[in-house]
Structure formats: structure tokens, C-alpha cells
Amino acid sequence: MAFGEHDIFQEMARLRRRIEGLASSPPAAEEGPWAPPVDIRESERALVLSFDLPGLRREDIELRVDRDGLTLQGERPPAERLRAVRLERPAGPFRRSFRIGIPINPAGVQATYRDGVLEITIPKAEAPTPTRVNVDTA
């Protein structure tokens, strides 16, 4: 391939996507037969996670957040007891865990569930400011 046919910026973007893919938690490592998809966005003040959970009731969802991470688990009930012709929607228990990696404020976490989408807003912790210490002479 000649140099003119090679776009170095596309290659760099492709490499970045591969590295980010390796760093994320793959659903195969999760507990349960399926893992709901998630989008993770970041602003200056918070992280926002959006999970697709259609068909679940709010009572079927359990969310835990601590200083280091977040765990979402629940269970989607199986389809009605009809003769299955084709089943593509997963059912059964699921569990997704994420290590946050930045200081967060667990007490300020908010979660809303609407139209089958669970949105979790995790506020970032205030960055500690350095304190000036006076040194006395002895």
C-alpha cells in the first residue's frame, strides 16, 4: 500500500477503539446468561450510565454504588409459556459491575427508570484542595 492511500488518523482512531474495547468490562465476564447494554458518558461534574432494560419492572432492578464502583443486577422473567417459534430477547438473571476509577460521591447518586431505560447519574467527588501548613521554628 502506498503512503498516499494510508490514513494515519483513521488507523489511530481504530487503535484507540480497540484499546478502549479491551479496557471495558466484557459481558462474557459478567454473571448471568445476558448483560444489558450500557452507554457511559462523562461531564465535568458527573458520570451518566444508561442501561437498556425493556420489560423489567423497577422492583426487578437492584443497584449498588460504593467509593470504587457500581453493580447493577436483576432478572428478566421468561416469555409467556407459549410454543416458541423464535426467541431473541434474553431472559434470566443479569449482573453488570463497573470500577469507576475516579473519586465519586456515592451519597449523591440518582437513578431514574423510564421507558425501559435506567439512567444513573454519579456525581464526581470534589477534588481535595491542598492545605498550606506553616512550619514553626523550634
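Readers should treat all values here as calculations from the given coordinates under stated rules, not as data from a laboratory. All figures in this text were calculated on a predicted structure; none of them were measured in a lab. Neighbour counts run over all protein chains shown; Cβ positions are idealised from the backbone, glycine included.
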**Report entry** Relative compactness, region 7-123, computed as alpha-carbon Rg over 2.2 N^0.38 Å
**Finding:** 1.24
Report summary line: Once Lys and Arg are counted +1 and Asp and Glu -1 for all other residues with Cβ under 10 Å from that of LEU70, the total becomes +1
Report task. Quote the charge dipole size of the chain about the Cα centre in Debye, to the nearest 20; the model charges only the Cβ of Lys and Arg (+1) and of Asp and Glu (-1). Result -> 320
Query raised in the report: Tell me, what is the FRET efficiency for GLU75 and GLU42 to the nearest 0.05, using R0 = 30 angstrom and their Cβ-Cβ distance as r?
Result: 0.55
**Report entry** Extension reserve of the VAL133-SER97 stretch, reckoned as 0.36 nm per residue once the Cα distance is removed
**Finding:** 8.9 nm
Query raised in the report: If R0 is 41 Å, what FRET efficiency do you get for LEU15 and ALA107 from their C-beta distance, rounded to 0.05?
Result: 0.60
